[in-house]
Every structure is written in structure tokens, then in C-alpha cells.
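The values are calculated or read from the model by the stated rules, or taken from the named source; none is laboratory data. Nothing here was measured: the structure is a model prediction, and the numbers come from that model. No Cβ is skipped: glycine too gets one built from the backbone with ideal geometry, and neighbour counts run over all protein chains shown.
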Amino acid sequence: MKLSGKTVLVTGAGRGIGKGCALELARDGATVIVNDRPASPDLAGTVEEIRRGGGTVYGVESDVFSRRGCEDLLAVALKLCGRVDALVSNPAFGVRSPFLEYDPHDFERVLQGTLTSGFHMSQLVARHMVERGGGGNLIFISSVQAEMPLAHSVAYGAAKAGLNHLAQTLAVELAEHRINVNTIEPGWTDTPGEHEAFSEEAIAEEGRKLPWGRLGTPADIGRAAVFLASSDADYITGAILPVDGGFRLKHCRALELTQPIEPRLRD
């Protein structure tokens, strides 16, 4: 129970990676405030699952894609729990489309939902942490797409790359306040959104191609969040942690070579 006595706010926790983080944080003893958009069909399920497991949880609907929504969420969180010790910032919005056909409005929405919302929520929570003293943890959920230029993901990749840079800049500025700022980069993760975008056969086949032989799970990401929110990670800040089962490395293996390559010396 590494997180006993800590209160952690998780945005975008109705399903998928956010839910996986909330479940794992609660299992390790944290009081968890879970957030999803207004009229979310999923938030109540996350709250109920945590409570069935014996965890302490509060569900708060709020639109963190806006500054006002972030302000409202933090105000409710502080009213409920009095403090926030860690933030897992997980809002995201993605639209896949070829660059030449990409809708400019969608591009702006992706940056707003993925990057700008992360700025708003983290700034508000960091101000609270500085005011009360005692440090804290800011954890951003990014993506390996921040470093991999995948086709049809121009806005999402740009937003996640910006999120990585945002987090590392915050790590520099907030170190004097003993606020750790780190980023998790999931690879291809088995979430409800992926099942809406791809067939079951495609997901199974792509999972087998990965070095670990499967897609990631929300729990895989959640366990990394537990580590970064705990005192075990006290000396870690400004880190970008891939949790991807080797997704970035899958084309680096020599599986299709029929014979070894002889090393050659150059003059």
C-alpha cells in the first residue's frame, strides 16, 4: 500500500488507460478522485469497480478540455478531500486522417484536448501544491507517437510531443518546490477506443507482432503510474517512461534474415 494517505486526481478516467490508472492507484491505497466529461456513460462504472475492491473514490464530472472545467474539477476535489498529492493527466482526443485531408478544426480540437488541457489542469494543481507545500507528483499520459511519426496521426503526434516537452519544462521549474513531473508513454494499448477503430482480428494480429507478444493493458500503464506517484520515485523527475512492450523496437529485430550479416571493416 505504497500510496496510503495520498489523494490522486485522475482525469479521463471513465475507461481505458485513465480507468486502469485509477484502479491500480486505488489498489495501492490512494484515495482517488476520478474525472470524466459531463454525462459520461463510463464514470459511474469506474467508481463502482473501485468501491467493490475496497478503495476510496469520488467521481466528478467536468470538461477538462476547458480552463473553466479544470478550475471546477479542482475546486470540487479540494472540497471533497482537502488536498491533491498527485495528478495523472490523461485527457486526450484523437482523429485519424491523412495529412492532406486533415480537417483544420479537428487539428485544433486534438491539440486542445490533448496538450492545452494538460497545461490547464497541471498548472492549477501545481499552484495548489506550491501553496500548501510538501511537494507532489504530476504524471502526464503521453504516447510513443510523441517520438514516432505515424501516418494519419499528425495532430495527435504533435500534441503528445508537445506534452513531453511541457512536462520536462515543468520538471525544471517545479524542482525547487519538490514537485516531481514525469511522463508515461504507452504503446499500442488494448482499450475500448482501439476496438472501435480496429477489428478484433487486426488487434490480435498486431499484438502478436510486438516483442512482448501482446498489446499493453490499462493495468500496465496504471502500475507505472503507481510507481511514479510513490516515494520509490522520489529521485525521478523529467523522465519519459515508455510502457510499450517493445512497440518502438519491433522493426529492430533480425527475425527475417536468412543468414547472418558479416561485419565489414572500413579503411
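Residues are listed down the side, and each one gets a yes or a no for (1) under 19 Å from the mean Cα position of the chain (by Cα); (2) under 18 Å from T191 (Cα atoms):
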position	(1), (2)
M1	no, no
T11	yes, yes
R15	yes, yes
G18	yes, yes
T31	yes, no
G53	no, no
T56	no, no
Which of the residues that make up the stretch 221-237 are surrounded by 16 or more Cβ atoms within 10 Å (Cβ to Cβ), of a type outside the set (S, T, Y) and out of contact with any strand residue (DSSP E or B) (no Cβ under 6 Å at 6 or more places or on another chain)?
G222, R223, V226, F227, A233
Specify the residue that is surrounded by the fewest Cβ atoms within 10 Å (Cβ to Cβ); the eligible residues are those in the stretch 32-46 that are of a type in the set (G, A, S) and touching a strand residue (DSSP E or B) at 6+ places or on another chain (Cβ under 9 Å).
A39
For the stretch 47-65: of the residues being of a type in the set (G, A, S) and within 23 Å of G82 (Cα to Cα), which is surrounded by the most Cβ atoms within 10 Å (Cβ to Cβ)?
S62
Got a number for residues in the stretch 117-145 being part of a helix (DSSP H, G or I) and touching a residue at least 40 places away in the same chain (Cβ under 8 Å)?
14
Being without any contact (Cβ under 8 Å) to a residue 24 or more places away in the chain and under 20 Å from R109 (Cβ atoms) is the filter here; which residues of the stretch 41-73 pass it?
R68, G69
Applying the selection to the stretch 133-179, what residues are over 17 Å from P242 (Cβ atoms), crowded, with 24+ Cβ neighbours inside 10 Å and of a type in the set (S, T, N, Q)?
N137
Can you name every one of the helices (runs of 4 or more DSSP H) wholly within the stretch 167-267 that holds 3 or more residues which are at pLDDT 90 or above?
218-229
Filter the stretch 195-212 down to the residues that are farther than 21 Å from E147 by Cα and either buried (at least 18 other Cβ atoms within 10 Å of the Cβ) or touching a residue at least 24 places away in the same chain (Cβ under 8 Å) (or both) and list them by number.
A197
Checking L78 against (1) without any contact (Cβ under 8 Å) to a residue 60 or more places away in the chain; (2) of a type in the set (A, V, I, L, M); (3) surrounded by 23 or more Cβ atoms within 10 Å (Cβ to Cβ), only one condition comes out false. Which one?
(3)
